[in-house]
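Derivation of every value follows stated rules applied to the coordinates shown; laboratory data play no part. Note that the structure is a prediction, hence the values are computed from the model and not measured. Here the Cβ is made from the backbone with ideal geometry for all residues, glycine too, and neighbour counts use every protein chain on show.
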Amino acid sequence: MEPRIRFLDQLNYAMSHGIGVDVEGEPVSNRKPQDVVKIMQRGSYMVDYESDLRGHITAIHINNVNRVV
């Protein structure tokens, strides 16, 4: 399976199960997973998975790695 499609499936799952997803700190709960993938195609992004003490994913953070802070 193509990595982009696999990631889209992961986003679909996460968003449908109430797992918080944000891009650059902005929640994307009102966007479609396909829109998030389109945003990520505009640059180089890193995906960070946040988990609880039991190892369950509780949030997904997507950040542009080329952005100078």
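Each Lys and Arg adds +1 at its Cβ and each Asp and Glu adds -1 at its Cβ; summed about the Cα centre, the stretch 21-65 shows a dipole of about 240 debye. A simple spin-label model places pseudo-atoms 7 Å from Cα toward Cβ; at L53 and V37 they are separated by 3.7 nm. Please list, ordered by chain and number, the residues whose modelled amide H lies under 5 Å from the amide H of A59; skip anything fewer than 5 residues away on the same chain. For A59, the qualifying residues are E50. Counting only DSSP beta bridges with both residues in the chain, the antiparallel share comes to about 70 percent.
Our summary gives the chain a relative contact order of 31 percent, counting only alpha carbon pairs under 8 angstrom and 6 or more residues apart.
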